[in-house]
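Report on one structure; see the data block that follows.
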Amino acid sequence: MLWLNFAPLLTEVQKKYAVNELASNSLVLVFPLVYVLISIPAGFLTDRKGYRYSILLGSIIMTVFALLRIFDGPFWFLLACQTGIAVGQPFIINGISKLVADWFAPEQNALATGLGTLGMFIGMALGMALAVPLYAGLQYTGSMFVFALMTLTSTLLFAIFAYENSQTRHDATAAMARDLRLLLKSANLVKLFIISFLALGYFNGFTGWLEQILAPNGVGAEAAGNAGACLIGGGILGAAIIPAISDALRRRKPFLILCCLLAGAFTWPLSRAGDGVLLYAYSGLLGFFFLPGYALLLSATEEFAGADRAGSATGLLMLFGNAGGVVVGVAMDLIKSGPRDWTNAIYLLLGTIVFSLLLALTTRESFHSSAAA
C-alpha cells in the first residue's frame with residue numbers, strides 16, 4: 001500500500017515539488033532498489049532469528065517512516081521516508097515462505113502462500129485506488145495520516161497475535177556464503193530467480209508507469225488508479241483460486257506457464273484501452289492470471305530450497321525480482337518512443353513475458369522436489 005500510493009499521483013507530485021517524470025517515479029522505484037540491497041541480509045535474518053522477529057522488525061521500521069511522511073516537507077524528505085519504508089519491506093515479505101513452511105503441510109503450500117500474498121495485493125489495490133480520492137479530499141497531510149494509521153494498526157495486531165509454531169532452534173552458526181553457494185548451484189532455482197527478475201520487472205514497470213502509459217488514451221489519474229486497483233483485485237481473486245488448483249493437482253510448472261501466456265495476451269490490449277469498461281476488464285483479467293504466479297514462484301522456491309533455507313532462497317528470489325523492477329522501470333522511461341508514446345516500453349514488457357515463458361518451459365516440476373535440486 002505504501003509502495004504504490006504515489007503511482008497514480010506522479011503528475012501531481014511533479015507539479016507539487018517541481019520535479020521531472022523520472023524523479024517523481026523514484027518514490028515508487030526506490031522500493032525495488034532498496035530491496036536489492038537489503039533482501040539477502042533480511043532473508044538470512046529470517047532463517048536465523050525466525051520470521052516473527054524479522055517481520056516485526058520490518059513492520060516497526062515501516063511504521064516509523066509512514067508516520068514521518070505525515071509532515072509535509074521538501075521532496076528529498078518524502079523520498080527519504082519512502083526509502084525508510086522500503087527498508088522494512090524485505091524483512092516482512094521474506095518471512096512468507098518461512099511462515100508457510102512452519103504452519104502448513106506441503107500439499108497446502110501454494111494455497112497458503114497465495115493467501116499470504118493476498119495482503120500484499122490488497123495493499124497494492126488500496127494504494128492505487130485510495131491515493132487520488134484521499135489526496136483530493138484530505139490533501140497531502142490528511143492522506144498520509146490515513147495510510148500511517150492503517151500501518152500502525154497492522155503492526156500492533158501482528159505484535160499482539162503472531163507467534164511461531166515450530167519449536168526448532170534456528171541455526172545461528174551456518175555461514176551465509178555456504179547457503180548462497182548451495183542455492184545458486186541449483187539450476188532450477190536460478191531459473192526461478194531469472195523469472196522473478198523478469199516478472200517483477202514487468203509488474204513494477206507496468207504499475208509504476210501505468211498513469212503515463214494510459215494518459216495518451218484519454219485516461220485520467222483517478223481512472224488509472226482504478227485500473228491499477230482492478231489489476232490487483234483480479235490478482236487477489238486469482239491468488240485464491242489458481243494456487244489452490246495447483247495444490248490439488250500437485251503441479252507448479254503448468255500454472256507458471258499459464259500465468260506467462262495469459263499475461264502476454266492481455267498486456268497490449270490493456271496498454272491501448274481507453275477510459276471505459278474494457279480498461280477495467282483487461283486490468284482485472286491480467287491481474288487474475290499474472291499475479292498468482294508470484295505465489296507459485298514462492299512455493300516452488302521453498303520446495304526446491306527446502307524449509308531450512310526458505311528465507312534465504314526467498315531473499316534471493318526477491319533480490320532478483322526487485323533488481324528487475326529497477327532495471328525494467330528505468331529502461332521503460334529511457335526507450336519510450338516519445339513524451340507520450342510508450343509503444344517501445346510495451347514491447348519491452350512483452351519481451352520480459354516471452355523470456356519468462358521460455359524459462360518456465362525448461363524448469364523442472366518443484367512439487368515434492370528434494371532441497372536445492
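The values are calculated or read from the model by the stated rules, or taken from the named source; none is laboratory data. Small disclaimer: the values here were computed from a predicted structure and weren't measured. Note that each Cβ is placed from the backbone with ideal geometry, even for glycine, and that neighbours are counted across all protein chains shown.
Among the residues examined, I236 qualifies as over 23 Å from R340 (Cβ atoms) and in a helix (DSSP H, G or I). Can you spot a residue in region 255-264 that is over 23 Å from G116 (Cβ atoms) and either in contact with a Gly (Cβ under 9 Å, 6 or more places away or on another chain) or not hydrophobic (A, V, I, L, M, F, W, C) (or both)? So far as region 255-264 goes, yes, one or more of its residues are over 23 Å from G116 (Cβ atoms) and either in contact with a Gly (Cβ under 9 Å, 6 or more places away or on another chain) or not hydrophobic (A, V, I, L, M, F, W, C) (or both). Within region 104-116, the set of residues being of a type in the set (A, V, I, L, M) and part of a helix (DSSP H, G or I) comprises A110, L111, A112, L115. When you scan region 282-292, do you find a residue that is surrounded by fewer than 24 Cβ atoms within 10 Å (Cβ to Cβ) and either of a type in the set (S, T, Y) or under 12 Å from Y202 (Cα atoms) (or both), even just one? Yes, the conditions are met somewhere in region 282-292.
Restricting attention to region 216-236, the residues that are surrounded by fewer than 18 Cβ atoms within 10 Å (Cβ to Cβ) and either among the small types (G, A, S) or within 12 Å of F290 (Cβ to Cβ) (or both) total 2.
Of the residues making up region 72-103, those that are free of Cβ contacts under 8 Å to residues at least 40 places away in the same chain and either in a helix (DSSP H, G or I) or within 16 Å of L149 (Cα to Cα) (or both) are W76, F77, A80, C81, G84, G88, I92. Does region 101-114 include one or more residues that are modelled with pLDDT of 90 or more, under 18 Å from the mean Cα position of the chain (by Cα) and more than 30 Å from L9 (Cβ to Cβ)? No. Residues being assigned to a helix (DSSP H, G or I), over 22 Å from I194 (Cα atoms) and at pLDDT 90 or above are represented in region 245-258 by at least one member. Test F320 against the criterion of being modelled with pLDDT of 90 or more and among the hydrophobic types (A, V, I, L, M, F, W, C), and give yes or no. No, not satisfied. Going by what's in this entry, would T63 be described as in a helix (DSSP H, G or I) and either closer than 25 Å to S196 by Cα or within 16 Å of the chain's Cα centre (by Cα) (or both)? No.
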